[in-house]
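Notes follow once the structure below has been shown.
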Amino acid sequence: MARIVGGLTTSHVPAIGGAIAKGLQGEPYWKPFFDGFLPVREWLADVKPDVAVVFYNDHGLNFFLDKMPTFAVGAAPEYRNADEGWGIPTLPPFTGQVDLSWHVIEHLIAREFDITTCQEMLVDHAFTLPLKLFWPEACPVTVVPVCINTVQFPLPSARRCYALGQAVGEAIASWNSDKKVVVIGTGGLSHQLDGERAGFINKPFDLKFMDSLVHDPEWATQFSIHELVEKTGTQGVELLMWLATRGAVPGAVRKVHTNYHIPISNTAAGMMALESLA
Amino acid sequence: MARIVGGLTTSHVPAIGGAIAKGLQGEPYWKPFFDGFLPVREWLADVKPDVAVVFYNDHGLNFFLDKMPTFAVGAAPEYRNADEGWGIPTLPPFTGQVDLSWHVIEHLIAREFDITTCQEMLVDHAFTLPLKLFWPEACPVTVVPVCINTVQFPLPSARRCYALGQAVGEAIASWNSDKKVVVIGTGGLSHQLDGERAGFINKPFDLKFMDSLVHDPEWATQFSIHELVEKTGTQGVELLMWLATRGAVPGAVRKVHTNYHIPISNTAAGMMALESLA
Amino acid sequence: MAQPQPIPGTTIFDGIQAAKGYALNKMCFSFNDAGNRAAFKADEEGYMARFQLTAPQAEAIRKRDVLGLLAAGGNVYYLAKFAGILGLDVQDLGAAQTGMSKQDFKAMLVRANEQVIH
Amino acid sequence: MAQPQPIPGTTIFDGIQAAKGYALNKMCFSFNDAGNRAAFKADEEGYMARFQLTAPQAEAIRKRDVLGLLAAGGNVYYLAKFAGILGLDVQDLGAAQTGMSKQDFKAMLVRANEQVIH
Ligand SMILES: [Fe+3]
Ligand SMILES: [Fe+3]
């Protein structure tokens, strides 16, 4: 059976793509952000996962309001990045782990998750940039994308996203393969792009949330979506990806490294690497 | 609060559209099928529902395998019919009941159904022809379409579809409106279009299933999807729409009329009208 | 997951079939559009190449081989749109797949009415 | 359902907003394509008419009025693509919505770092 080696979570911001393209990783503005990934890259070089299951939220590249899924699971042989409207450089395609995709899909439907299945799927900066941050050279893992709606309310509750993660974890653990799987979640932490409250950041909540993922992973499931928007901003709810990731990495974890830096763009940028002890 | 007046279920077959267009309702082949609707039209003329919530399955008009939802709920102001590839005449657009759509969507997400929301949606013969059969003149109801995947396995289980229906029923009953709502389910009954078993029909099962919907609505939820395919054919699983419909009409019902006729195209054509006694 | 017993004469359109049949089904989905149907009729080979059909898919399309199309990952909901181009109805398809004449296939459907009710 | 207390300065993109903003968001979604962005720049009025924007939506587009676009049903994930056309980043948007200079808005973000941890 496959083995879940751990979970990685990070913020995503389109500007990161520009910084990488221009080689600004060492600039004072960017250095505190990019340096956070160095210890994680060492850990990855050591653990060498074969596959990444990635929880992310689409920002209006692959999905529009004509067909807006709550949960979408990719089952494509290849996932292409594309122009999102700002002309940031697109990254090369990612290779799908199709057999794991279908195994996850079968398991999720059996567990009464009413997912949308995507045999063709464009992936945006929320998917591509974290993989580039963890593996700055060529991406060595095959992938299974899992997209959670954060665009249009009602969003799935924190509890539901955590349960989705748990079910995805069960599916990975029961996958008939000797591969090592890392789970990745991208989004958050606290930020709000829209409205008179734009620029809202909640550092105490973010740090408490990051801490909870290590020892008390269900802590954030006590909050309604409305409470999460209030506490973390309209885009801060992207922390649902972190919660799903932790749900997929069952049991005790060891903190490999964490980073938290304000601001990148309008965002409190967080990063965590948790090694599975199960 | 809105009132659920009852549930209507019927088979759908593209050929019905051709028969209506050519005025063949009185021909020996078609008469036993079309006559089944006469008592139901009388009942509808008497009860006068304002809104129809319609469970149906798309046959590859609005959804493709790039984004295949398990459950999709329409939230459009208008639903257009379109060419499905055979050139059967398209019917005029249907008017959406947008406020009920969003009320249903809110309730379903709160109840942990991970639906796909559709603010634009083409509806195929499975949606249009049943409305034409129940209301041969202009369609007097506004609509909320709910689409259940029967194209790509894994399909949602019978139990899950019944639960979906129950949750939709709760949403209708809690809708702040004085409107009368009828629930419609279209598909089945036993038939199989593909493979060496094409032409398979299971009359005993169909009749038992129809009977169960009156007095023992959960009876069919005992079967797995695989068992339903075995018992009713690859397209017979469309009976999931009937099950969801019965789930949405809670409590006791009175049988207004039923019909069962073999064959229309390759299909055992069933029809039921159940009045809510709740 | 433990796989249930196969159902004779029946292919379940699951992930394996869906992955195998993607190009074929995408082509058939395109036949919702009358312009695309005309383009296919005008140049079948060119149209198939545009959708990158696999060799078995293209061969089954050329031969109008319904069972071959299913084996190549075709889904009947999409294949029905290809059948529409050929002017075939579901009873033609049923006859072709069961090896019966259309007359016999229709007679079999009518006989389904005589099934004994338990 | 009982509605929770509104969050000051925050519009929840719910069904009401989504229904109101559909045309605007659909236009902004089209800006994923560079050709569409060029077409918009070449003829803003014609492009808006093609997507049947409402009068308040068109007016907010003309005025580059971010709060007006939100009020007209715009969703920030799609509006960001419109901002991209204008060469604005999220800090420009933040400044515009809060009535600050960009410099002050950025300074506010940096100050968020000083929040007291309980
Ligand atoms: Fe984001
Ligand atoms: Fe059907």
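Go through (1) under 19 Å from the mean Cα position of the chain (by Cα); (2) among the aliphatic types (A, V, I, L, M); (3) over 23 Å from residue A:246 (Cβ atoms); (4) away from ligand 1 (no atom under 16 Å from the Cβ) and name the single condition residue A:24 misses.
(1)
Does residue B:73 qualify as being crowded, with 22+ Cβ neighbours inside 10 Å and away from ligand 2 (no atom under 16 Å from the Cβ)?
Working: crowded, with 22+ Cβ neighbours inside 10 Å: yes; away from ligand 2 (no atom under 16 Å from the Cβ): yes.
It is true that residue B:73 is crowded, with 22+ Cβ neighbours inside 10 Å and away from ligand 2 (no atom under 16 Å from the Cβ).
Criterion first (within 16 Å of ligand 1 (Cβ to nearest atom) and over 30 Å from residue D:39 (Cβ atoms)) does residue A:101 satisfy it? Explain how you work it out, then say what you get.
Details: within 16 Å of ligand 1 (Cβ to nearest atom): no; over 30 Å from residue D:39 (Cβ atoms): yes.
Taking the combined requirement at face value, the residue does not satisfy it.
Any idea which of D:41, D:102, D:106 is of a type in the set (D, E, K, R) and buried (at least 16 other Cβ atoms within 10 Å of the Cβ)?
On the way: D:41 fails: buried (at least 16 other Cβ atoms within 10 Å of the Cβ); D:102 fails: buried (at least 16 other Cβ atoms within 10 Å of the Cβ).
Answer to the check: D:106.
Could we say that residue B:51 is touching a helix residue (DSSP H, G or I) at 6+ places or on another chain (Cβ under 7 Å) and modelled with pLDDT of 95 or more here? Break it down stepwise before answering.
Numbers: touching a helix residue (DSSP H, G or I) at 6+ places or on another chain (Cβ under 7 Å): yes; modelled with pLDDT of 95 or more: yes.
Taking the combined requirement at face value, the residue satisfies it.
When only residues in segment B:219-229 that are in a helix (DSSP H, G or I) and surrounded by fewer than 21 Cβ atoms within 10 Å (Cβ to Cβ) count, which is farthest from ligand 1 (Cβ to nearest atom)?
Our first condition is that a residue be in a helix (DSSP H, G or I); within segment B:219-229, this holds for B:219-222, B:225-229.
Adding the requirement that they be surrounded by fewer than 21 Cβ atoms within 10 Å (Cβ to Cβ) leaves B:219, B:221-222, B:226-227.
Details: B:219: 47, B:221: 40, B:222: 44, B:226: 40, B:227: 43 Å.
The residue in question is B:219.
What tally of residues in segment A:1-21 results from selecting those that are within 16 Å of ligand 1 (Cβ to nearest atom) and more than 14 Å from chain D (Cβ to nearest Cβ)?
Result for segment A:1-21: 2.
Exactly one of (1) in contact with a helix residue (DSSP H, G or I) (Cβ under 6 Å, 6 or more places away or on another chain); (2) more than 11 Å from chain B (Cβ to nearest Cβ); (3) among the small types (Gly, Ala, Ser) is unmet by residue C:94. Its number?
Looking at each condition in turn, residue C:94 falls short on (2).
Has segment C:45-54 got any residue that is surrounded by fewer than 19 Cβ atoms within 10 Å (Cβ to Cβ), modelled with pLDDT of 95 or more and β-branched (Val, Ile, Thr)?
yes
Checking the structure you have, find out if any residue of segment A:144-158 is more than 16 Å from ligand 1 (Cβ to nearest atom), in a loop (DSSP other than H, G, I, E, B), among the polar types (S, T, N, Q) and touching a residue at least 24 places away in the same chain (Cβ under 8 Å).
yes
Among the residues of segment B:237-251, are any surrounded by fewer than 22 Cβ atoms within 10 Å (Cβ to Cβ) and either in contact with a strand residue (DSSP E or B) (Cβ under 9 Å, 6 or more places away or on another chain) or small (Gly, Ala, Ser) (or both)?
For segment B:237-251, residues surrounded by fewer than 22 Cβ atoms within 10 Å (Cβ to Cβ) and either in contact with a strand residue (DSSP E or B) (Cβ under 9 Å, 6 or more places away or on another chain) or small (Gly, Ala, Ser) (or both): present.
Within segment B:136-151, restricting attention to residues that are touching a helix residue (DSSP H, G or I) at 6+ places or on another chain (Cβ under 7 Å) and surrounded by fewer than 23 Cβ atoms within 10 Å (Cβ to Cβ), which residue is farthest from residue B:240 (Cα to Cα)?
Per the criteria, the residue is B:139.
Please enumerate the residues belonging to segment C:5-30 that are under 15 Å from residue B:65 (Cα atoms), within 7 Å of another protein chain (Cβ to nearest Cβ), in a loop (DSSP other than H, G, I, E, B) and touching a residue at least 12 places away in the same chain (Cβ under 8 Å).
Result: C:13, single match.
Scanning for something surrounded by fewer than 18 Cβ atoms within 10 Å (Cβ to Cβ), at pLDDT 95 or above and among the basic types (Lys, Arg), does segment A:79-94 turn up at least one residue?
yes
Please tell me if residue A:174 is within 12 Å of another protein chain (Cβ to nearest Cβ) and within 16 Å of ligand 1 (Cβ to nearest atom). Steps first, please.
Numbers: within 12 Å of another protein chain (Cβ to nearest Cβ): yes; within 16 Å of ligand 1 (Cβ to nearest atom): no.
Criteria not met by residue A:174.
Can you pull out the residues in segment A:188-216 that are assigned to a loop (DSSP other than H, G, I, E, B) and more than 12 Å from every other protein chain (Cβ to nearest Cβ)? Let's see the steps before the verdict.
Filtering segment A:188-216 for residues assigned to a loop (DSSP other than H, G, I, E, B) gives A:188-202, A:216.
Scanning segment A:188-216 gives A:188, A:216.
Would you check if there is a residue in segment A:229-237 being away from chain D (no Cβ under 14 Å) and either away from ligand 2 (no atom under 16 Å from the Cβ) or without any contact (Cβ under 8 Å) to a residue 60 or more places away in the chain (or both)? Before you say what the answer is, go through the steps one by one.
Within segment A:229-237, the first condition is being away from chain D (no Cβ under 14 Å), and the residues that meet it are none.
No, the conditions are met nowhere in segment A:229-237.
For segment D:23-56, what are the residues that are over 13 Å from residue A:60 (Cβ atoms) and among the hydroxyl-bearing types (Ser, Thr, Tyr)?
Matches in segment D:23-56: D:47, D:54.
I want to confirm something. Restricting to segment A:119-143 and keeping residues that are within 14 Å of another protein chain (Cβ to nearest Cβ) and in a helix (DSSP H, G or I), which single residue is nearest to ligand 2 (Cβ to nearest atom)?
Looking at residues that are within 14 Å of another protein chain (Cβ to nearest Cβ) and in a helix (DSSP H, G or I), I get A:126.
Just one of the numbered conditions (1) of a type in the set (A, V, I, L, M); (2) within 30 Å of residue C:68 (Cα to Cα); (3) in contact with a strand residue (DSSP E or B) (Cβ under 9 Å, 6 or more places away or on another chain) is not true of residue B:198; which one?
(3)
Within segment B:252-276, which residues are facing chain C (nearest Cβ under 10 Å), buried (at least 21 other Cβ atoms within 10 Å of the Cβ) and among the polar types (S, T, N, Q)?
Of everything in segment B:252-276, those that are facing chain C (nearest Cβ under 10 Å), buried (at least 21 other Cβ atoms within 10 Å of the Cβ) and among the polar types (S, T, N, Q) turn out to be B:266, B:267.
Kindly indicate whether residue D:102 is within 22 Å of residue D:25 (Cα to Cα), modelled with pLDDT of 95 or more and among the basic types (Lys, Arg).
When the stated conditions are applied, residue D:102 does not pass them.
Going residue by residue through segment D:66-78, is there one that turns out to be under 25 Å from residue A:124 (Cβ atoms) and more than 11 Å from chain A (Cβ to nearest Cβ)? Please lay out each step first, then the result.
From segment D:66-78, those under 25 Å from residue A:124 (Cβ atoms) are D:66, D:69-70, D:72-78; that's our starting set.
Subsequent filtering for residues that are more than 11 Å from chain A (Cβ to nearest Cβ) retains D:72.
Yes - at least one qualifying residue is present in segment D:66-78.
Among the residues of segment B:65-87, which ones are more than 8 Å from every other protein chain (Cβ to nearest Cβ) and more than 24 Å from residue B:154 (Cα to Cα)?
B:76, B:78, B:79, B:80, B:81
The values are calculated or read from the model by the stated rules, or taken from the named source; none is laboratory data. From a predicted model like this one, the values you see are computed outputs, not experimental measurements. Here Cβ is always computed from backbone atoms with ideal geometry, including for glycine, and neighbour counts include all displayed protein chains.
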